[in-house]
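The values are calculated or read from the model by the stated rules, or taken from the named source; none is laboratory data. Since the model is a prediction, treat every value here as computed from it, not as a measurement. Using ideal geometry, Cβ is built from the backbone for each residue, glycine included, and neighbour counts are taken over all protein chains shown.
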């Protein structure tokens, strides 16, 4: 095995809204076709021995007065601007991505000047920081359409390819023509062909195929998601039929697994081209967790804290976007109901998570994973409720539909999810509450506050 075969796969993923803002700023930073440069400052995710992902936390595009020299053949930044970047961003432990343009609209190559400058800069970084930042470099054509990316070693004497995605997900930008199946999405053209193609590539893990999960699968499937991993150990029962679209008494009588029922929901949308793997097991199963790690997006729609905790831990470990969905109904002493649904998306690179944001009760999660004898004692002591929470189809529908809208916003970039999202709907007041996620951030959280997580 040669050295290149031993190196991990490295990817750079820029959320679409951030990329749109960054690229527009780059395009506006020139008057003709002179080269421009921009910087992304990233958090590193060591997902495994074979995979490393870089996630931008912020970006900078210098103004014209930050350059000593700028033309169509090259550029030089002022030393005081370089010093500003070093002190403001690299001292925080972030890695840096240099992105510059070359004149023309053809696929660009790194020049000999690029090679020399970047090699020297990579060596400079490793020589001047206690924890040396890594240097990733990218070169684009002047319209920011075609690119190449590479990462330098700390000695500045070799570099390797980096896969670049302007997306939350590792989805390739294909140029394939529309197929017959795609004709069903003709009325979604307003979101663009790229959006529809990316939905067709996306692989979604759905943990919990009950009243919320089933509606989400039906709606997200009809939006264009064809590839699914379904996780749920439970079977259909008559008590589920008030909130499971398309479920029948016959299915309940025959004891269908919920994953097989949801698989049928998706399969009847597509005559061909869908791929649905249904696993009637708990998320605590290690084999199931390995399957989840290979997907693009995790959606958790379960009714217990332990499964949400494991889903969040997997999302942090494998740097996968996580969407958490839930509802709650209780009856006040005067007989009137209080109803809520909640849609939560923790930030991809950490900062806050379901545990540190108190969206998961870790005491309940621990009791739910305890042996049966301990769970019985806890129930008698009043720590666990005697019956499941009440549930209705329409409230589940609001939660699931909003979750589908959030996922669409992830893919298209029309929602800013870099700091995370936490929305709560309250009925009968019919109010949406948007949590200020600044208050959820917990730098010393045991789960997400560690920054660079190494799971090798």
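In contact (Cβ under 8 Å) with a residue 12 or more places away in the chain, surrounded by fewer than 22 Cβ atoms within 10 Å (Cβ to Cβ) and within 22 Å of residue 280 (Cα to Cα) - does that describe any residue in the range 201-213? Yes, the range 201-213 has at least one match. Note on the range 132-155: residues that are more than 24 Å from the chain's Cα centre (by Cα) and part of a strand (DSSP E or B) amount to 4. Restricted to the range 419-440, and to residues there that are buried (at least 18 other Cβ atoms within 10 Å of the Cβ) and assigned to a loop (DSSP other than H, G, I, E, B), the residue that is modelled with the lowest pLDDT is 440. Pairs are defined by a Cβ separation below 7 Å, a sequence spacing of at least 6 or placement on different chains, a first member in the range 391-404 that is assigned by TED's automatic domain parsing to the domain that holds residue 342, and a second member that is part of a helix (DSSP H, G or I) and surrounded by fewer than 22 Cβ atoms within 10 Å (Cβ to Cβ); the pairs so defined are 400/219; 401/219; 404/219; 404/223. Screening residue 65 on (1) out of contact with any strand residue (DSSP E or B) (no Cβ under 9 Å at 6 or more places or on another chain); (2) assigned to a loop (DSSP other than H, G, I, E, B) shows it passes everything except condition (2). Residues of the range 293-302 being at pLDDT below 95 and in contact with a helix residue (DSSP H, G or I) (Cβ under 9 Å, 6 or more places away or on another chain), which ones? Those that are at pLDDT below 95 and in contact with a helix residue (DSSP H, G or I) (Cβ under 9 Å, 6 or more places away or on another chain): 293, 302.
Exactly one residue out of 56, 108 is surrounded by 14 or more Cβ atoms within 10 Å (Cβ to Cβ) and either modelled with pLDDT under 90 or assigned to a strand (DSSP E or B) (or both), and it is 56. Screening residue 78 against (1) more than 27 Å from the chain's Cα centre (by Cα); (2) surrounded by fewer than 20 Cβ atoms within 10 Å (Cβ to Cβ); (3) under 25 Å from residue 163 (Cβ atoms) leaves a single unmet condition, (3).
If you go through the range 226-238 and keep only what is assigned to a loop (DSSP other than H, G, I, E, B) and buried (at least 24 other Cβ atoms within 10 Å of the Cβ), you end up with 232, 236.
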